[in-house]
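In what follows, a structure is listed as structure tokens, so that the remarks can point back to it.
No lab work stands behind these numbers, since they all come straight from the coordinates. Nothing here was measured: the structure is a model prediction, and the numbers come from that model.
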Amino acid sequence: MPDLLHKNFEIIKMEFKGHRRHFYKNDREYPVLIGDYLVVETDKGEDMGRVTSVISLSDDCQSCLPVSGNTILRKAGDADWNQFRDNQDNEKMTYSMCQEKIRDLNLSMKLMDVEYQLDKKKITFFYTADERVDFRELVRQLASVLRTRIEMRQIGVRDETKRLGGLGSCGFPLCCATFIEDFEPVSTQNAKDQNLPMNPLKLSGLCGKLKCCLRYEHPVYIAELKKYPNPGTPLVHNNHKGIVIKADIISELITCDFDNDTREEISLDDIKPYIEKAREAGLTAEQPEIVPDLPVDENELKAIEDNS
């Protein structure tokens, strides 16, 4: 007999305009396939999105995913598609109208996108700004023309890039536009721990902030670097005193400087006896002098750092 205490259910992952992604429980047990378009109920009104994943879970795994409390209403029909296309045309006209009103009111804001709910119960205007904007008059003028609820939502540069999409320096679509659900803080320490050059042009993504992918391998580097001696660790090799400069976990080589103005790369397995010799000689750790390949502008690095 089937185990009735652990009934399986489906979680539907859907993507909406601007690469918004949410999880929904398939309560009505629709036969849903990847690529289907569904109409869902949200706190703003009805919305239509594309199914990107269908996940089967048991009841005791309900907390595994951040499932939305909203409901799947139906599969998108002809009427929904007609309304969806009509909304797309209206979004373009509304965008132009709002841009004109922003110029007339001389507001310091950049309109980024306009999004209609499927049932037109709400229109959301996404914008970026360097400071707080008093858009009350703008909202009044928009509401008098559009005759529906208006929401002005300020977003950051990372969210703006996520909505726009594009290709990263790796040649693939941006991670934020394909699978990243929530942005996590990224700091220059992520790059330093991976021995990456402190070059803002190479470390920053299309949004102008540090690349999100700097976090992907960072935990591996932290775990592996624990096996290696810290920079400044003294050692004795061929009767010359030296210190550890840096470690490369990929090649498993450790760069060392010696008192005869030479630099050598020593493997992790071979370096341990040399460190032991320095310990027996009573040598203490020193702060290594690392000269960067290119001058580093700390203010420029700080500007692209994102700790939000």
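Kindly flag which residue pairs out of LYS211/LYS277; LYS202/LYS246; LYS13/LYS92; LYS25/LYS209 have an alpha-carbon separation exceeding 30 Å in this structure.
Among LYS211/LYS277; LYS202/LYS246; LYS13/LYS92; LYS25/LYS209, the Cα-Cα distance tops 30 Å for LYS211/LYS277; LYS25/LYS209.
Taking H placed 1.01 Å from N in the peptide plane, check which residues at least 5 places from LYS25 or on another chain put their amide H under 5 Å from its amide H.
HN-HN under 5 Å from LYS25: ILE12, SER68.
Select one label from (1) 21.3; (2) 24.2; (3) 20.2: the one whose number is Kirkwood radius over Cα pairs in Å as derived from the coordinates shown.
Checked against the structure: label (2).
Would you please classify the overall shape of the stretch 232-280 from the alpha carbon gyration tensor, given that a ≥ b ≥ c denote the square roots of the eigenvalues, rounded means a/c under 1.5, and beyond that prolate means a/b larger than b/c while oblate covers the rest?
oblate
Starting at the first residue of the stretch 235-241, write each ³J(HN,Hα) from the Karplus equation 6.51 cos²θ - 1.76 cosθ + 1.60 with θ = phi - 60°, in whole Hz, x for Gly and Pro.
Ordered by residue, 3J(HN,Hα) equals 8, 10, 9, 6, 6, 10, 7 Hz.
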